[in-house]
């Protein structure tokens, strides 16, 4: 009874339909929209700007601050109370860690780059969509970056490693693991790795290998959206 | 952003604006996109110029209030996202967000736009409660009108979720074909007084230069359901009369704009 037919009919390495746009929030220094299936993320970047309170400043380099938030009506169940929770705080932190390695803010001591991501609708994979959106918004804002970051969740559903789980797969009635991954484009290094569920080491390594191709597909779309934006300007 | 209050004020005296519009002209185009969130029971995205606002309607079943055992309820909340404006910060709602939410809330509530009795499921026990969340995506001024338009559009497009007859649990993933009991359609219009002139739909820059403002919510018949004066300068009764006349004209205009997208 292996998992051979995915709940939405995709191939095992097939991502959900994606859409990406750059420059969707005129007030922001950089912004982007990223849609992965039914998960949508809006990202805005403000800065580099002066960081207050001052004790948070780093005199050697600028710092980034991620703020991840789901809109109150974006959950698949009842309304989410606004104002954040433990989950959104943790996601903000791991997003910071995922993006930090490619950002070079050495020219901006004491400054901050504020990154905001808000999601109007979700269907699993929100932190991955958020990171993919933010990476585009950072590039749009002209923040010095050493590499591009692309993110997608891998997972194992009833023994089969699959790419980009949706909510129905995450809650599939079998052993499921969900592994959000962010990867640098050139060096194929992993900057986000989390896992919940159960998985063997060989299957995990297989998922990490498959993630290279999956993030590559995200990268291609990010690049296309950025090129479209800059071709217009 | 450099706000030149004097320039805006001097221009207004000559019936002119920075972007070349007439004083009583809205930015173009006004767009309304419905069902922008599949997880909401109803939702809309409104864009007026560069101001972008999203609203989502969520329905829940709660215990009825003791003083209104035969009614459900409605609540409006607003989030001024830090994503939407460099001056907004994360944290508890600012007074600006609270005022926005309460003015939109009163416009809908006091017009009795939703037949709250029809939201009742079991008198004294349970009823539907409607929560409208207003979210700013890009604040470039005139949030009141954009949010009011988006709230009405979301309410008009909302469908009840299905309820499991045995357990009473809500199945949010499957909507019914039943719409909310919306019996009136209130819309707020905000008129700004700048250097003794009245103007509509200010940009963020123009909002920095007003002396007083009055938000007027009217229903489809022109009946007023909420008023909110803002700003530190006074208004005369004569000015208020002019403002309400103008607001009623502009509400009709916004209604006709909204209708284009509801078909």
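The values are calculated or read from the model by the stated rules, or taken from the named source; none is laboratory data. Because the structure is a prediction, the values reported are computed rather than measured. Glycine gets a Cβ as well: all are built from the backbone with ideal geometry, and neighbour counts include every protein chain shown.
Within the stretch A:13-28, the set of residues being touching a residue at least 40 places away in the same chain (Cβ under 8 Å) and under 13 Å from residue B:82 (Cα atoms) comprises just one member, A:28.
Among the residues that make up the stretch B:94-105, is at least one of them within 13 Å of chain A (Cβ to nearest Cβ) and touching a helix residue (DSSP H, G or I) at 6+ places or on another chain (Cβ under 9 Å)? The answer is yes, given that some residue of the stretch B:94-105 is within 13 Å of chain A (Cβ to nearest Cβ) and touching a helix residue (DSSP H, G or I) at 6+ places or on another chain (Cβ under 9 Å).
May I ask you to verify whether residue B:187 is closer than 22 Å to residue B:12 by Cβ, buried (at least 18 other Cβ atoms within 10 Å of the Cβ) and in contact with a strand residue (DSSP E or B) (Cβ under 8 Å, 6 or more places away or on another chain)?
Here the answer is no, as residue B:187 does not meet what is asked.
The lone criterion from (1) modelled with pLDDT under 95; (2) part of a helix (DSSP H, G or I) left unmet by residue B:252 is number (1). Every test in (1) modelled with pLDDT of 95 or more; (2) loosely packed, with under 14 Cβ neighbours inside 10 Å; (3) assigned to a loop (DSSP other than H, G, I, E, B) is passed by residue B:2 save one, and that test is (1). Is the stretch B:56-68 home to any residue that is closer than 25 Å to residue A:28 by Cα, surrounded by fewer than 22 Cβ atoms within 10 Å (Cβ to Cβ) and within 12 Å of chain A (Cβ to nearest Cβ)? No: zero hits.
One residue stands out among those in the stretch B:26-55 that are surrounded by fewer than 24 Cβ atoms within 10 Å (Cβ to Cβ) and within 9 Å of chain A (Cβ to nearest Cβ): the one that is nearest to residue A:24 (Cα to Cα), which is B:50.
Based on what the data block shows, is residue A:159 over 27 Å from residue A:224 (Cβ atoms) and within 14 Å of another protein chain (Cβ to nearest Cβ)? No. Restricting to the stretch A:117-166, and then to whatever is over 21 Å from residue A:220 (Cβ atoms) and touching a helix residue (DSSP H, G or I) at 6+ places or on another chain (Cβ under 6 Å), can you tell me which residue is surrounded by the most Cβ atoms within 10 Å (Cβ to Cβ)? Only one residue tops the list, namely A:117.
Considered as a group, the residues in the stretch A:54-78 that are away from chain B (no Cβ under 12 Å) and in a loop (DSSP other than H, G, I, E, B) include one that is surrounded by the fewest Cβ atoms within 10 Å (Cβ to Cβ), and that residue is A:59.
Look at residue B:246 and say whether it is at pLDDT 95 or above, buried (at least 20 other Cβ atoms within 10 Å of the Cβ) and under 26 Å from residue B:52 (Cβ atoms). Break it down stepwise before answering.
Details: at pLDDT 95 or above: yes; buried (at least 20 other Cβ atoms within 10 Å of the Cβ): no; under 26 Å from residue B:52 (Cβ atoms): yes.
No; evaluated as a whole, the condition is false for this residue.
Would you call residue A:19 surrounded by fewer than 16 Cβ atoms within 10 Å (Cβ to Cβ), more than 8 Å from chain B (Cβ to nearest Cβ), in a strand (DSSP E or B) and touching a strand residue (DSSP E or B) at 6+ places or on another chain (Cβ under 8 Å)? Taking the combined requirement at face value, the residue satisfies it.
Taken together, the criteria exclude residue A:81 from residues that are more than 11 Å from every other protein chain (Cβ to nearest Cβ) and free of Cβ contacts under 8 Å to residues at least 12 places away in the same chain.
Within this structure, residue B:217 fails the test of being in contact with a strand residue (DSSP E or B) (Cβ under 9 Å, 6 or more places away or on another chain) and assigned to a helix (DSSP H, G or I).
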